[in-house]
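Here's the structure we're looking at; comments come further down.
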Amino acid sequence: MRRAFLAITGLAASTTALVVLKGSPGTSQVAQEVPAGQPVSPTPAGSAPPAAESPTPGATPTSVAGSPRPSRSATRAPAGRPTTKAPAAPRTTTSKPPQSTTRRVTGPIVENEYGNVQVQIVLSGNRIVEALTLELPSGPGETERHSDDVRRAYNGTSGQVVRNQSADLDTVSGATETSASYEQSLRAAIEQAR
């Protein structure tokens, strides 16, 4: 009667242990293989395990050890290593747009019979966002007026240079020489900016 009770209790305890061990993540204990036909009985702590009865005469007796040892056929997961990999983050294949940088490029001084002309352009990336004149002919009368007409037509953030994004400009009436000198300095600045 006592053996039957111990066998049932042992079976319940080992089933519970298997469920707990099987369900716990990262466990690496492997159950000991018991030959078929061998009764499994729990061993109280501190007592020696009982010898199992041999099913066939002449066979060596085996016992259930208190601390299970893995069989040769059982494999064990390495400690500290996860058995499954977490999915990697998706890779992006789009390249980042170039960061917009503002820079200034100055064209050369171009001389004409009325004076010197020098142009500077402001670029954001590859786009002209502003045009400035650093030098224009100055003097009494019409020269000053024509220089002002050139400045109004070409310069600023909404002048012909920004609208056309090139040195192809309409000639300012009455300021042909100054317009041509402006275009020459502007063309050199654009070439330098490339």
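Some values worked out for this structure:
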| quantity | calculated |
| --- | --- |
| Residue under evaluation L136, criteria (1) modelled with pLDDT of 95 or more; (2) surrounded by fewer than 17 Cβ atoms within 10 Å (Cβ to Cβ); (3) touching a Lys or Arg at 6+ places or on another chain (Cβ under 9 Å), criterion not met | (2) |
| Residue list for region 154-173, filter: open to solvent by 30 Å² or more (accessible area, probe 1.4 Å) and part of a helix (DSSP H, G or I) | R163, N164 |
| Pairs, first without any contact (Cβ under 8 Å) to a residue 60 or more places away in the chain in region 125-146, second among the basic types (K, R) and buried (at least 18 other Cβ atoms within 10 Å of the Cβ), C-beta under 7 Å, six or more apart | T133/R151; L136/R151 |
| Subset of region 138-168 that is of a type outside the set (G, A, S) and touching a Gly at 6+ places or on another chain (Cβ under 9 Å) - its residue that is farthest from G125 (Cα to Cα) | E142 |
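The values are calculated or read from the model by the stated rules, or taken from the named source; none is laboratory data. On a predicted model such as this, the values are computed, not experimentally measured, just so you know. Because the Cβ atoms are built from the backbone with ideal geometry, glycine has one as well, and the counts that use them run over all protein chains shown. For accessibility, only protein heavy atoms count, side chains too; no ligands or nucleic acids. Shrake-Rupley method; radii C 1.70, N 1.55, O 1.52, S 1.80 Å.
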